[in-house]
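Down below is the structure, laid out as structure tokens.
The values are calculated or read from the model by the stated rules, or taken from the named source; none is laboratory data. Note that the coordinates shown come from a computational prediction; the quantities given were computed from them, not determined experimentally. Cβ placement follows ideal geometry from the backbone for every residue including glycine, while neighbour counts extend to all protein chains displayed. Surface accessibility is based on the protein's heavy atoms, side chains included, excluding ligands, DNA and RNA. Shrake-Rupley method; radii C 1.70, N 1.55, O 1.52, S 1.80 Å.
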Amino acid sequence: MNRELKIKGFTALYFTIAFVLLVAEYCKLTSLLFFFKPLLIPSLAVLYLISSRDKCYGYLIALFFACCSNVFLLFTDTQLLFYGIIAFLFYRIATIVTIFRKGDKIVLLPVVLATVPFLFIFSYLIYVMISPDNPNFYPTIINDIIISIFSGLGLAHYVMNDSKQNSWLIISTLLFTFLVVLFMVETFYIPNDVFKPLSAVVFSLAHYAFYLFVIESEHQTTIDLP
């Protein structure tokens, strides 16, 4: 099987798993959820390994922590939820490192200005939704600071250079920001069954958009070389 067919095959596999997860969340099919959810990120990792000609190991580390977070968040136990938030924190740090390595040159002032609105949004959500007595209070604060920086990087890159690479990055960052808002509302404020299938869709699309950012950055690097 040639490389292009493998890429199409694993892309189809990724979105098939994503669709199964959507159905499982909507219909509350727990057995399907526990079987397929741990497979989503590994399928994307394999797709990346096949597609990439210049492997970014920071991105692979990010996918590892994303997979761990995905598994922990399958459970409702408070301790496992805590581990899931910590794993997501490490995932987000690894994605920021990936942006530094694969993205455009960082200009500090635009990044700071782009990060501030996200900090205000998440600060307000924490203030409204989470009590300081909650064991996930401080990990959530740290996570929200990191996601704000991540979102600020995506917005600053897109504003400074509206390229295909940065278009995928801003799509990914905005989807991940929306995903965190959904997670906070569902976990700490108003549990509602409609959030889970919506989160499954947003989660899958956000990860795929970031994968396309990484792949596109490799193509851009190849074109830019003398």
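At 1.4 Å probe radius, can you tell me the per residue accessible area of segment 1-145 in Å²?
On the way: 8110 Å² over 145 residues.
I get 56 Å² per residue for segment 1-145.
Once you order the gyration tensor axes a ≥ b ≥ c over the Cα atoms, which shape class does segment 69-123 get: rounded for a/c under 1.5, otherwise prolate or oblate by comparing a/b with b/c? Oblate, since a/c reaches 1.5 and b/c is not below a/b. What the Cβ-Cβ distance of residue 137 and residue 113 gives, at R0 = 25 Å and to the nearest 0.05, is a FRET efficiency of 0.35.
Expressed as a whole percent, the accessible surface of segment 100-208 that belongs to carbon and sulfur atoms is 72, based on a 1.4 Å probe. What a 1.4 Å probe finds exposed on segment 1-77 is 72% carbon and sulfur by accessible area, rounded to a whole percent.
Select from segment 144-198 those chymotrypsin sites (Phe, Trp or Tyr not before Pro) which occupy a DSSP coil region and have at most 13 other Cβ atoms within 10 Å, ordered by residue number. Mind showing how you got there, number by number?
On the way: sites: 150, 158, 168, 176, 178, 183, 188, 189, 195; in loops: 189.
Within segment 144-198, the qualifying chymotrypsin sites (Phe, Trp or Tyr not before Pro) (loop, at most 13 other Cβ atoms within 10 Å) are 189.
Ranking 108, 155, 47 by solvent-accessible area of protein heavy atoms (1.4 Å probe, all protein chains present), from largest to smallest, gives 108, 155, 47.
Can you quote the Å³ per residue value for the convex hull of the Cα atoms in the chain, rounded to an integer?
Numbers: hull volume 25.7 nm³, N = 226.
Cα-based convex hull of the chain, divided per residue, equals 114 Å³.
Take residue 77: with every protein chain present and a 1.4 Å probe, its accessible area is about 80 Å².
To the nearest 0.05, how large is the calculated FRET efficiency for residue 5 and residue 164 if R₀ is 30 Å and r is the Cβ-Cβ distance? Mind dumping the intermediate values first?
Numbers: r = 24 Å, r/R0 = 0.79.
Taking R0 as 30 Å, the efficiency between residue 5 and residue 164 is 0.80.
By its C-alpha gyration tensor, with a ≥ b ≥ c as the square roots of the eigenvalues, how is segment 15-127 shaped: rounded for a/c under 1.5, else prolate for a/b larger than b/c, else oblate? Working shown, then result.
Numbers: a/c = 2.19, a/b = 1.28, b/c = 1.72.
It is oblate, given that a/c is not under 1.5 and a/b is not larger than b/c.
Need one word for segment 82-174: rounded, prolate or oblate. Basis is the Cα gyration tensor (sqrt eigenvalues a ≥ b ≥ c); a/c below 1.5 gives rounded, then a/b vs b/c decides. Because a/c hits 1.5 or more and a/b exceeds b/c, segment 82-174 counts as prolate.
Say the cut-off is 28 Å between C-alpha atoms; which of 6/164; 105/196; 55/105; 55/196; 28/164; 55/164 go over it?
Values: 6/164 24 Å; 105/196 37 Å; 55/105 19 Å; 55/196 33 Å; 28/164 37 Å; 55/164 20 Å.
Pairs exceeding the cut-off: 105/196; 55/196; 28/164.
Descending by average beta-carbon neighbour count within 10 Å, the peptides 139-146, 62-69, 123-130 line up as 62-69, 139-146, 123-130, the highest first. Tell me, how many Å apart are the Cα centres for segment 115-147 and for segment 35-87? Segment 115-147 and segment 35-87 have Cα centres spaced 22 Å from each other. Per-residue packing, averaged as other Cβ atoms within 10 Å, sorts the ranges 22-33, 90-101 into the order 90-101, 22-33, beginning with the highest.
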